[in-house]
Amino acid sequence: MRPTCMRRGLRYASAGLLALTAGLALPGCGSLTDPGAARPISRPVTVQGRTITTTTEVGGCQSAWLTAQEKGKSVSLTLKVKSTGKSGEACPAYIGLRPVSTTLRQPVGSRSLLDATTGSTLSAR
């Protein structure tokens, strides 16, 4: 007998192909992204007071969040994305930009902003 994800039929084929092409996961059919996988920060970062915000691409069954590790001379930012879909259910085949934010204990000030995933320095607006 074929797995459930193989028996879904043609009505899910287009959505499934789009999702796979976009790098999204169809729960129950194998995941292309690990739950809570770190992702490089590729969009501009804004700083307002103690709040740091960026945007990231997320799919229909994904959530994203931003965390910060504060040190004396730097703030390391980690962008994480995880699948929130239920096993056996197809996810909507769309991708959207979503804002993600984190709040620091102290304002950034003169500290540098770093992408914890790549180690690169981020410029802030």
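The values are calculated or read from the model by the stated rules, or taken from the named source; none is laboratory data. The structure presented is a predicted model; accordingly, all values stated were derived computationally and were not measured. Please note: Cβ atoms are built from the backbone with ideal geometry, for glycine as well, and neighbour counts cover all protein chains shown. The accessibility values were calculated without ligands, DNA or RNA, using every heavy atom of the protein model including side chains. Shrake-Rupley method; radii C 1.70, N 1.55, O 1.52, S 1.80 Å.
The residue that is nearest to Leu66 (Cα to Cα), among those in segment 96-115 that are among the small types (Gly, Ala, Ser) and more than 14 Å from the chain's Cα centre (by Cα), is Ser112.
Just one of the numbered conditions (1) in contact with a strand residue (DSSP E or B) (Cβ under 8 Å, 6 or more places away or on another chain); (2) at pLDDT 85 or above is not true of Gly49: (1).
Candidates in segment 99-119 are the residues that are open to solvent by less than 70 Å² (accessible area, probe 1.4 Å) and in contact (Cβ under 8 Å) with a residue 60 or more places away in the chain; of these, the one that is farthest from Lys80 (Cα to Cα) is Val108. Selection within segment 65-95: residues that are farther than 22 Å from Val108 by Cα and open to solvent by less than 70 Å² (accessible area, probe 1.4 Å). The member of this set that is farthest from the chain's Cα centre (by Cα) is Gly88.
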